[in-house]
Amino acid sequence: MPGPLDDIVVLEIANWVAAPSCGALMADMGADVIKIEPLTGDSMRNKLRQPVLPEGAPANDVGFQLDNRGKRSIAVDLTDARGGALVRRLAEQADVVITNLLPGRLERFGLAPDQLREAKPSLIYALVTGYGSTGDDADRIAFDLTAFFGRGGIMSLIGEPDQPPPAFRPGQGDHPTGLALLSAILAALRVRDRTGEGQVVETALLRTAAWTIGCDVSVALVDKVQPNKRSRRQAISPMNTRFQCGDGTWINLSTFNQGLFGRFCEALDRPELATDERFATPRDRLRNAEELIGIFDDIFASQPYEHWAPRLDRTGIIWAKVADLTDLVNDPQARAIGMYTEVESADGGAFDTLAAPFTMSSSEVSVKGPAPALGQHTAAVLAQFGIDDTEVADLATAGVLGGDAGGATTS
């Protein structure tokens, strides 16, 4: 099957996770994504925990692979005016430019939106930042931990009352931001196909953070009130909280149908609790939440997860196991829906990675290959874009180009 973006050329002038994750999904959809890296490489290379491999097995930077699979890499020194000029020429033949460089840096490199779109009005220019490209903090450096989770309000809502703000996992805010950018790019390409005109599309970690907690933010916009954190043992309902089973496994309940309380009590072999005057109505259960949840804590702790799972299934309650990552990667349902896919590595081996978080019934969306080595395709890409060999050699000799054009380590 053809890919939906088979005829699209993308220049990715970006590092870390949010913008590259968008480029990776475009590559999955068939786009020719050319990653423009500094001579030292994307800062994300070899930054995250590496997998535990058998002794003698080749190293594989799978964290970098996830967000850079299927791309081609060229190494260019953008701090040299000749590097910026070269990339501007490449942009004239691209459909989309993706970047997460701060606005001030883009201006210095000659790669700001107006600078590129003046030469090619049909260009889609996609920008992701921490705080946006306007306002006092446009050039403020950010990671998802700071802009998305911190200033985006998420940390203030998560966790138990009176406890420090929780930590979050690498890229957890970047990946939804990459999806937001992808949505805007696809819409802009649709407009371009109708009108011939490109445009600038933009998102920010701060903006996508607010969208992910929109149910809370939409209320706070009206009443300007911070919602209280609710302790696990002060849940509105015992069917809307977490319990730990006897083997240490946690389960997560999320049911608003209070009519199921009797079935819940029966599943726990305590049917009398449903008619106990302390817990007879939803209001009673809320008033006496700590006492009731304490009772259920003891009950769940008396048996392992495998004992409780089938009993909960019979109640009609909405619930799930709090899985760890070994559970998730071995989950048969995840395999059934194609969440994971195998990729051939550069050394001829293979490894599993995440597939795109969506499918298309009549278009191919698949990982096209491993992430490139630094500057692996510099010579081939420049030749494809019509840059003659003499100019390439001169730029390589001057230290403007790296990778297979010379001057950088390909690793």
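The values are calculated or read from the model by the stated rules, or taken from the named source; none is laboratory data. All values derive from a computational prediction rather than experimental measurement. Here the Cβ positions follow ideal geometry from the backbone for every residue, glycine too, while neighbour counts run over all protein chains shown.
Restrict the check to segment 25-42 and report whether at least one residue is assigned by TED's automatic domain parsing to the domain that holds residue 366, under 13 Å from the mean Cα position of the chain (by Cα) and closer than 22 Å to residue 96 by Cβ. The answer is yes, given that some residue of segment 25-42 is assigned by TED's automatic domain parsing to the domain that holds residue 366, under 13 Å from the mean Cα position of the chain (by Cα) and closer than 22 Å to residue 96 by Cβ. Inspect segment 328-345 for any residue being in the same structural domain as residue 65 (by TED's automatic domain parsing), acidic (Asp, Glu) and exposed (fewer than 12 other Cβ atoms within 10 Å of the Cβ) and give the result as yes or no. For segment 328-345, residues in the same structural domain as residue 65 (by TED's automatic domain parsing), acidic (Asp, Glu) and exposed (fewer than 12 other Cβ atoms within 10 Å of the Cβ): present. Is segment 52-68 home to any residue that is more than 18 Å from residue 376 (Cα to Cα), at pLDDT 90 or above and surrounded by fewer than 22 Cβ atoms within 10 Å (Cβ to Cβ)? Scanning segment 52-68 turns up at least one residue that is more than 18 Å from residue 376 (Cα to Cα), at pLDDT 90 or above and surrounded by fewer than 22 Cβ atoms within 10 Å (Cβ to Cβ). Among the residues of segment 317-361, the ones that are out of contact with any helix residue (DSSP H, G or I) (no Cβ under 6 Å at 6 or more places or on another chain), of a type outside the set (S, T, N, Q), modelled with pLDDT of 95 or more and assigned to a loop (DSSP other than H, G, I, E, B) come to 12 in all. For segment 108-124, the count of residues that are farther than 24 Å from residue 45 by Cα and in a strand (DSSP E or B) is at least one. Of the residues that sit in segment 124-140 and are closer than 20 Å to residue 78 by Cα and among the aliphatic types (A, V, I, L, M), which one is surrounded by the most Cβ atoms within 10 Å (Cβ to Cβ)? Ranking the qualifying residues of segment 124-140, first place goes to 128.
For segment 9-21, the criterion of being part of a helix (DSSP H, G or I), touching a strand residue (DSSP E or B) at 6+ places or on another chain (Cβ under 6 Å) and either in contact (Cβ under 8 Å) with a residue 24 or more places away in the chain or crowded, with 24+ Cβ neighbours inside 10 Å (or both) is met by at least one residue. The set of residues from segment 41-65 being under 14 Å from residue 370 (Cα atoms) and in contact (Cβ under 8 Å) with a residue 40 or more places away in the chain comprises 45, 60, 61, 62, 63, 64, 65. Need pairs with beta-carbon distance below 6 Å; first residue over 17 Å from residue 169 (Cα atoms) and within segment 312-331, second charged (D, E, K, R); sequence gap 6+ or separate chains. Pairs that qualify, where the first residue is over 17 Å from residue 169 (Cα atoms) and the partner is charged (D, E, K, R), are 315/263.
Every residue, every condition in (1) exposed (fewer than 14 other Cβ atoms within 10 Å of the Cβ); (2) in contact with a Phe, Trp or Tyr (Cβ under 6 Å, 6 or more places away or on another chain); (3) acidic (Asp, Glu), yes or no:
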position	(1), (2), (3)
240	no, no, no
261	no, no, no
276	no, no, yes
285	no, yes, no
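Before we move on, is residue 128 modelled with pLDDT of 95 or more and not in a helix (DSSP H, G or I)? Criteria met by residue 128.
Return only the number of the condition from (1) surrounded by fewer than 20 Cβ atoms within 10 Å (Cβ to Cβ); (2) in contact with a helix residue (DSSP H, G or I) (Cβ under 6 Å, 6 or more places away or on another chain); (3) of a type outside the set (Ser, Thr, Tyr) that residue 24 does not satisfy. So residue 24 meets the others, but not (1).
Of the numbered criteria (1) touching a strand residue (DSSP E or B) at 6+ places or on another chain (Cβ under 8 Å); (2) among the small types (Gly, Ala, Ser); (3) closer than 28 Å to residue 268 by Cα, the one residue 323 fails is (1).
Restricting segment 368-397 to residues that are in contact (Cβ under 8 Å) with a residue 24 or more places away in the chain and in a helix (DSSP H, G or I) leaves a set whose member that is surrounded by the most Cβ atoms within 10 Å (Cβ to Cβ) is 378. The single residue among 344, 277 that is in contact (Cβ under 8 Å) with a residue 12 or more places away in the chain and among the charged types (D, E, K, R) turns out to be 344.
Conditions (1) in contact with a Leu (Cβ under 8 Å, 6 or more places away or on another chain); (2) surrounded by fewer than 18 Cβ atoms within 10 Å (Cβ to Cβ), marked per residue:
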| site | (1), (2) |
| --- | --- |
| 142 | yes, no |
| 162 | no, yes |
| 184 | no, no |
| 192 | no, no |
| 231 | no, yes |
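The set of residues in segment 190-206 that are in contact (Cβ under 8 Å) with a residue 60 or more places away in the chain and over 9 Å from residue 123 (Cα atoms) comprises 196, 201, 202, 203, 204, 205, 206. Can you pull out every residue in segment 346-363 that is of a type in the set (S, T, N, Q) and over 12 Å from residue 66 (Cα atoms)? Hits for segment 346-363 are 359, 361, 362, 363. Within segment 217-236, restricting attention to residues that are touching a residue at least 60 places away in the same chain (Cβ under 8 Å) and among the basic types (Lys, Arg), which residue is nearest to residue 288 (Cα to Cα)? Ranking the candidates gives 233 first. When we screen 306, 266 for residues that are farther than 23 Å from residue 160 by Cα and loosely packed, with under 13 Cβ neighbours inside 10 Å, the only hit is 306.
Whether any residue in segment 73-95 is in contact with a helix residue (DSSP H, G or I) (Cβ under 9 Å, 6 or more places away or on another chain), surrounded by 20 or more Cβ atoms within 10 Å (Cβ to Cβ) and closer than 24 Å to residue 341 by Cα is what I want to check. Among the residues of segment 73-95, at least one is in contact with a helix residue (DSSP H, G or I) (Cβ under 9 Å, 6 or more places away or on another chain), surrounded by 20 or more Cβ atoms within 10 Å (Cβ to Cβ) and closer than 24 Å to residue 341 by Cα, which makes the answer yes.
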